[in-house]
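Q: Sharing a structure below in structure tokens format, with a few things to ask.
The values are calculated or read from the model by the stated rules, or taken from the named source; none is laboratory data. Just so it is clear, the structure is predicted and the values come from calculations on it, not from any experiment. Every residue, glycine among them, receives a Cβ derived from its backbone with ideal geometry; neighbour counts consider all protein chains shown. These accessible areas exclude ligands, DNA and RNA; they are computed on the full protein's heavy atoms, side chains included. Shrake-Rupley method; radii C 1.70, N 1.55, O 1.52, S 1.80 Å.
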Amino acid sequence: MPFSAQLPASGERYALSASLDNARHLSSLLRAVHFQDYATCLATASGLRVTVEDAKCIQANAFIQAEIFQEFSVQEESVMFRISLSVLLDCLTIFGSSSLPGTSTALRMCYRGYGYPLMLFLEEGGVVTVCKINTQEPEELLDFDFCSTKVVNKIILQSEGLREAFAELDMTSEVLQITMSPDKPYFRLSTFGNAGSAHLDYPRDSDLMEAFHCNQTQTNRYKISLLKPSTKALALSCKVSIRTDAQGFLSLQYMIRNEDGQICFVEYYCCPDEDITEAEL
């Protein structure tokens, strides 16, 4: 790399070391989960997972597979630490959030282990910046236990369909009601705002519907304030998988294709807001 002379000595042992030719591949994904200041990072041989939570009701995970990096090395079975996501994003975009055509910010990231800072070496146009970000002991994360065997209903939509829905629905509503059913209305989004109730239906044979696997009728409500952060990931994505389990927990998995055509994923988990009685439907 053009700034190899600035890098740590090769004899130094790091629990985690990684390099990217284009730091935007990382910063754009991290922005998609940036709705709280702190994040928990977990590195394993398969890649990097960055987790953000709020109020024990919502969890967002950005997955960056090891193959996305030009180099990715983890010396332990797993490496975990907590970090300020705001500071990390500021450092990753220290040369500006959008580079000139044909230029990019190269990144090398090193972490020695518990108690040490995360070190970032960023280079653009021959200028090198070194950032050291303090890390903290990770807190216990929510376990939504959302395994595939517990999924009751699942659909895959082209993201443009959901983007249009969020643009059309009344966001003065406190909740978004999601109905998924093997029969009509199949997939329905409902809001209850100042202008009254609004419903948006998607037939199972819609051009926007890529997969439809619904086993039973479910209607659940979710606080819009909790779902709004996920629109950052929605804006970047090309497809979204929407899943619910028997308790009504919601999984929104966004497939995001970066500038080089590589695929990454951002997933949001959200708790249902309340039980719906038959009288409310």
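Q: With a 1.4 Å probe and every protein chain kept in, tell me what percent of the accessible surface of the stretch 151-270 is carbon plus sulfur.
A: Here it works out to 46 percent.
Q: Tell me the angle of helix 159-168 to the major Cα principal axis of the chain, expressed in degrees between 0 and 90 and rounded to the nearest ten.
A: For 159-168 against the chain, the angle is about 60 degrees.
Q: Could you tell me the extents of the stretch 151-270's C-alpha atoms along the three principal axes, largest first, rounded to whole Å?
A: 44, 31, 27
Q: Over the stretch 139-281, with the other protein chains present, what is the accessible area per residue in square angstrom, probe 1.4 angstrom?
A: Dividing the accessible area of the stretch 139-281 by its residue count gives 50 Å².
Q: Moving to a separate point now. Let me make sure I get this right: for the stretch 161-203, a, b and c are the square roots of the gyration tensor eigenvalues over alpha carbons, sorted descending. Under 1.5 in a/c it's rounded, otherwise prolate if a/b > b/c, else oblate. Which is it?
A: prolate
Q: I've got another one for you. Among Q158, S17, I58, pick out the residue whose Cα is farthest towards the positive end of the charge dipole of the chain, where Lys and Arg carry +1 and Asp and Glu carry -1 on C-beta, about the Cα centre.
A: In the chain, that residue is S17.
Q: Starting from the stretch 76-183, pick out the chymotrypsin sites (Phe, Trp or Tyr not before Pro) whose DSSP state is loop and whose Cβ has at most 12 other Cβ atoms within 10 Å.
A: Y114
Q: At 4 °C and 1.567 mPa s, what whole-number value in µm²/s does Stokes-Einstein give for the translational diffusion of the stretch 100-143, with Rh from the Kirkwood sum over Cα pairs?
A: In µm²/s, the coefficient rounds to 103.
Q: Further question on the same structure: So for the chain, if I pair up every lysine 8 or more residues apart or on another chain, how many of those pairs have alpha-carbons under 26 Å apart?
A: Step by step, the pairs that qualify in the chain add up to 19.
Q: Can you give the convex hull volume per residue for the Cα atoms of the chain, as a whole number of Å³?
A: Roughly 139 Å³ of hull volume per residue.
Q: How many percent of the accessible area of the stretch 16-136 is carbon or sulfur, using a 1.4 Å probe?
A: Summing carbon and sulfur atoms, their accessible area is 49 percent of the total for the stretch 16-136.
Q: If you don't mind, there's one more thing I want to ask. Taking N as the number of residues in the stretch 16-136, what is its alpha-carbon radius of gyration divided by 2.2 N^0.38 Å?
A: Dividing the Cα radius of gyration by 2.2 N^0.38 Å gives 1.01.
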